[in-house]
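Remarks on the structure that follows.
The values are calculated or read from the model by the stated rules, or taken from the named source; none is laboratory data. Computed from a predicted structure; not experimentally measured. Counting neighbours? That spans all protein chains shown, and the Cβs are built from the backbone with ideal geometry, glycine included.
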């Protein structure tokens, strides 16, 4: 490890968005953990030097993995489904929830900083007060202070209207120097700007016309939750929003539009609007095209749709590193 470089462990790493963001912020990723085999393969294939643990966090013994002995930052994007309306908001009564396991791991690792990420309702909904209390109690046991906020991905050049709730806890002497990241200057890229090259790569002559109409950041990428079914862009309301921006959301495409595709919003959207590929969804999530996702289409979409955009995690990581250096 280079001088002055901090270490990080990522739990529930998924496709690796939050871990990749921390790496961009200068952290050395000493371990990443996820229950999904395809997600672990994705991370291992893209970062073969990372220590990847394929395991159910609720049954993982950290003593079996030396890299879990300590980290400057312990970070986790908690599974969203237990706190989402589509997931019935069962919270800790949902078998997919890992909150207690994450807090137990924090007690073992005793990181200098604990970072938890989830959807905004985790912070705002009154029905999750018991879960927030669990977090506060765990933070107090570590002797740390805790702050929370919601960050919008469009503020960090991610071309998608997407909000992420973050909890950050650390010792008071470091917290005194911590500041939340502020929006980057300049306009956020639009849906059309981001996907123009990709949409035209199959010879579709209408790609430029489509991109000019798609003149705002993309709607929220959603859908793909474990146990929900196939790969699509969400429920009926979400699909209707995508249709207004020139995208059919009923399924994910295997390939970009070909030379014979004709843009015609007046016919049934399934036939007159282009669909997104998994690779295009990754671009809308702020990933570079070099990050390759492993698995069949439904698995690949599930991985990318549920992640934290790397630019958001990188912006937060840089502020955490600055606080630790003070």
request  = Confirm whether residue 283 is outside the structural domain of residue 18 (by TED's automatic domain parsing), in a helix (DSSP H, G or I) and either crowded, with 20+ Cβ neighbours inside 10 Å or modelled with pLDDT under 95 (or both).
outcome  = yes
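In this structure, does residue 313 turn out to be in a helix (DSSP H, G or I), closer than 18 Å to residue 8 by Cβ, assigned by TED's automatic domain parsing to the domain that holds residue 43 and in contact with a helix residue (DSSP H, G or I) (Cβ under 7 Å, 6 or more places away or on another chain)?
Working: in a helix (DSSP H, G or I): yes; closer than 18 Å to residue 8 by Cβ: yes; assigned by TED's automatic domain parsing to the domain that holds residue 43: yes; in contact with a helix residue (DSSP H, G or I) (Cβ under 7 Å, 6 or more places away or on another chain): yes.
When the stated conditions are applied, residue 313 passes them.
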remark   = Exception for residue 165 within (1) assigned by TED's automatic domain parsing to the domain that holds residue 125; (2) exposed (fewer than 15 other Cβ atoms within 10 Å of the Cβ) falls at (2)
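From 148, 107, grab the single residue that is in contact with a helix residue (DSSP H, G or I) (Cβ under 8 Å, 6 or more places away or on another chain) and either in a helix (DSSP H, G or I) or at positive phi (or both). Steps first, please.
Numbers: 148 fails: either in a helix (DSSP H, G or I) or at positive phi (or both).
Among 148, 107, only 107 is in contact with a helix residue (DSSP H, G or I) (Cβ under 8 Å, 6 or more places away or on another chain) and either in a helix (DSSP H, G or I) or at positive phi (or both).
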task = Check 278, 256 and return the single one that is more than 29 Å from residue 150 (Cα to Cα), buried (at least 19 other Cβ atoms within 10 Å of the Cβ) and free of Cβ contacts under 8 Å to residues at least 60 places away in the same chain.
result = 256
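Can you tell me how many residues in the stretch 143-160 are surrounded by 18 or more Cβ atoms within 10 Å (Cβ to Cβ) and more than 20 Å from the chain's Cα centre (by Cα)? Break it down into steps so the answer makes sense when it comes.
First pass over the stretch 143-160, keeping only residues surrounded by 18 or more Cβ atoms within 10 Å (Cβ to Cβ): 144, 146, 151, 153-154, 156-160.
Applying the additional criterion that residues be more than 20 Å from the chain's Cα centre (by Cα) yields 144, 146.
Residues flagged as surrounded by 18 or more Cβ atoms within 10 Å (Cβ to Cβ) and more than 20 Å from the chain's Cα centre (by Cα) within the stretch 143-160 amount to 2.
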remark   = Those residues of the stretch 183-216 which are farther than 17 Å from residue 246 by Cα and either in a loop (DSSP other than H, G, I, E, B) or in contact with a helix residue (DSSP H, G or I) (Cβ under 9 Å, 6 or more places away or on another chain) (or both) amount to 183, 184, 185, 186, 187, 188, 201, 202
task = Scan the stretch 243-276 residue by residue and report those that are part of a helix (DSSP H, G or I), touching a helix residue (DSSP H, G or I) at 6+ places or on another chain (Cβ under 9 Å) and either closer than 14 Å to residue 211 by Cα or modelled with pLDDT of 95 or more (or both).
result = 243
inquiry  = For the stretch 63-96, give me the residue count where each residue is at pLDDT 75 or above and either more than 25 Å from residue 323 (Cβ to Cβ) or in a loop (DSSP other than H, G, I, E, B) (or both).
reply    = 10
query = Condition test on residue 208, is it free of Cβ contacts under 8 Å to residues at least 40 places away in the same chain and either outside the structural domain of residue 261 (by TED's automatic domain parsing) or within 30 Å of residue 73 (Cα to Cα) (or both)?
reply = no
key: Flag if residue 117 is modelled with pLDDT of 95 or more and surrounded by fewer than 18 Cβ atoms within 10 Å (Cβ to Cβ)   = no
ask   = Can you name the number of the only condition in (1) closer than 22 Å to residue 13 by Cα; (2) touching a residue at least 12 places away in the same chain (Cβ under 8 Å) that residue 132 fails?
value = (2)
